[in-house]
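Peer 1: Before I ask anything, let me first share the structure, which is written out below as structure tokens.
Derivation of every value follows stated rules applied to the coordinates shown; laboratory data play no part. Because the structure is predicted, anything quoted here is derived from the model rather than measured. When we count neighbours, we look across all protein chains shown, and the Cβ atoms used for this are built from the backbone with ideal geometry, even at glycine.
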Amino acid sequence: MLSNGSTEEGKTMESKAGEKEDEVLDQRQQPCPPLSKNAQKKLLKQQRYEAKKAEKKALLKEQKKREGERKRKEWEEKLAGATEEEKQQLIESRKCLRKERMDQRSEEKGKKMQRLTKAKEIGQNLVIDLEFDHLMNSSELHSLVQQIMYCYAVNGRCSCPAHLWLTGCQGEMQDQLQRLPGFDKWIIEKENRPYIEAFQDQKEHLIYLTADSETTLDVLDPKHIYIIGGLVDRNRWKGLTMRKAEDQGIQTAKLPIGTFLKMSSSQVLTVNQVVEILLKYLETGDWRTSFFQVIPQRKRCEGDKDIEGEEETEEEDDRGIKIHDIEQEEDTEEEDDRGIKIHDIEREEDTEEKDDHEFKRRCIGS
């Protein structure tokens with residue numbers, strides 16, 4: 001039989017849980033703040049930019065397809081005009097070239113895994129806070145998933161990678177991430193709990209990065225854990241991350257953007273841009289270089305141009321920041337050149353051997 005004290009304690013816990021559920025429900029039911037005229041113009045401009053980018057991406061995809069078909073046709077014509085001995089030499093040469101590429105990819109993948117494993121032990125901790133999924137629609141959630149994918153890919157390529165965390169990963173956000181190819185194999189911390197619980201013993205080391213903070217970040221401290229708000233909101237929820245950090249009693253800071261360049265609009269950046277800036281700083285120790293290499297020219301004022309990084313930045317901007325799978329980009333281009341579209345890279349070697357066997361069978365039989 002429970003004592004009165006235990007009964008009252010249980011009621012108190014149930015009451016607190018109920019209050020928390022009501023608070024979350026209120027946030028979900030709360031209508032989105034109306035956009036100002038200025039915000040509507042920016043949104044329209046962003047939509048036009050996205051449409052143009054999608055059109056350009058489709059055009060590039062079609063060009064790659066045509067190029068792949070052209071090269072495949074050239075290969076078949078070359079085989080048709082060769083003797084049996086020449087055919088065998090061509091096929092063996094092609095097979096050796098593919099094996100070299102596979103060996104190179106395997107070596108690069110091994111080095112990347114070593115860097116990420118080392119970062120897990122001694123690297124800078126960067127947290128992406130995913131507790132805002134109830135404030136985003138399906139399109140915005142999808143956009144955030146693409147940004148997270150980009151973050152992981154860029155971090156893997158970095159010579160001095162950080163250790164990435166995804167906290168508060170639940171619901172629709174978790175479902176979308178689980179659908180990503182290879183997500184289960186990512187060397188990244190996946191936490192269902194909020195960061196405030198995951199790092200409850202290191203609360204004094206938590207720093208929420210927000211453009212609304214009055215504190216400017218001068219250097220990255222390895223002891224600190226930097227939090228980035230995982231929110232795609234088109235400026236609907238201004239000051240949200242700042243209020244959250246203040247309510248939780250943790251430190252805040254903003255990137256020193258204003259010290260080195262002028263933004264054409266607000267200093268709010270996408271999640272992947274913030275992560276990439278921090279990674280560039282870990283590599284170079286230079287904020288100016290990091291900003292100019294990452295922030296697109298369209299977000300900067302005309303006077304703030306950096307000739308050294310401008311070409312690279314514009315190329316990244318043209319390709320689009322939201323890339324479906326940056327880690328497989330080089331593989332995809334090479335596969336397009338061969339006219340072979342392989343969806344499972346782990347089985348690529350077997351597929352290529354079968355392809356070579358098929359070519360050999362056709363050639364010998366002809």
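Peer 1: Please give me, ordered by residue number, the trypsin sites (Lys or Arg not before Pro) of segment 139-246 that lie in loop per DSSP and have at most 14 other Cβ atoms within 10 Å. Intermediate results must be reported in sequence, preceding the final value.
Peer 2: Numbers: sites: 157, 179, 185, 190, 203, 223, 234, 236, 238, 243, 244; in loops: 179, 223, 234, 236, 238.
Counting only loop positions with at most 14 other Cβ atoms within 10 Å, the trypsin sites (Lys or Arg not before Pro) in segment 139-246 are 179, 223.
Peer 1: Using a Förster radius of 51 Å, what is the FRET efficiency between residue 175 and residue 74 based on their Cβ-Cβ separation? Nearest 0.05, please.
Peer 2: On the way: r = 44 Å, r/R0 = 0.87.
About 0.70, to the nearest 0.05.
Peer 1: Continuing with the same structure: What chymotrypsin sites (Phe, Trp or Tyr not before Pro) does segment 205-255 have in DSSP loop regions with at most 15 other beta carbons within 10 Å?
Peer 2: On the way: sites: 208, 226, 237; in loops: 237.
In loop regions of segment 205-255 (DSSP not H, G, I, E or B), there are no sparsely surrounded chymotrypsin sites (Phe, Trp or Tyr not before Pro).
Peer 1: With no solvent and one equal point scatterer per Cα, compute the Debye intensity ratio I(q)/I(0) for segment 158-279 at 0.10, 0.11, 0.15 Å⁻¹ and report its log10, rounded to two decimals.
Peer 2: -0.34, -0.41, -0.79
Peer 1: Could you state the principal axis extents of the C-alpha atoms in segment 53-123, from the largest down, to the nearest angstrom?
Peer 2: Between the extreme Cα coordinates on each principal axis of segment 53-123 lie 58, 39, 6 Å.
Peer 1: Treating only the Cβ of Lys, Arg, Asp and Glu as charged (+1, +1, -1, -1), what charge dipole size does segment 87-174 show about its Cα centre? Round to the nearest 20 debye. It would help to have the intermediate numbers written out before the result.
Peer 2: Numbers: 14 positive and 11 negative charges, 197 e Å.
Magnitude of the dipole: close to 940 debye.
Peer 1: Here's a follow-up. To the nearest µm²/s, what D does Stokes-Einstein give for segment 31-76 at 20 °C and 1.002 mPa s, using the Kirkwood radius over alpha carbon pairs as Rh?
Peer 2: Working: Rh = 13.5 Å.
Answer, rounded: 158 µm²/s.
Peer 1: On to the next question. Residue separation times 0.36 nm, minus the C-alpha to C-alpha distance between residue 67 and residue 240: what's the value?
Peer 2: Working: separation 173, 0.36 × 173 = 62.28 nm, distance 4.80 nm.
Taking residue 67 through residue 240 to full extension adds about 57.5 nm, to one decimal.
Peer 1: How far is it, in nm, from the label point at residue 137 to the one at residue 90 when both lie 7 Å from their Cα along the line to the Cβ?
Peer 2: Inter-label distance under the simple model: 5.4 nm.
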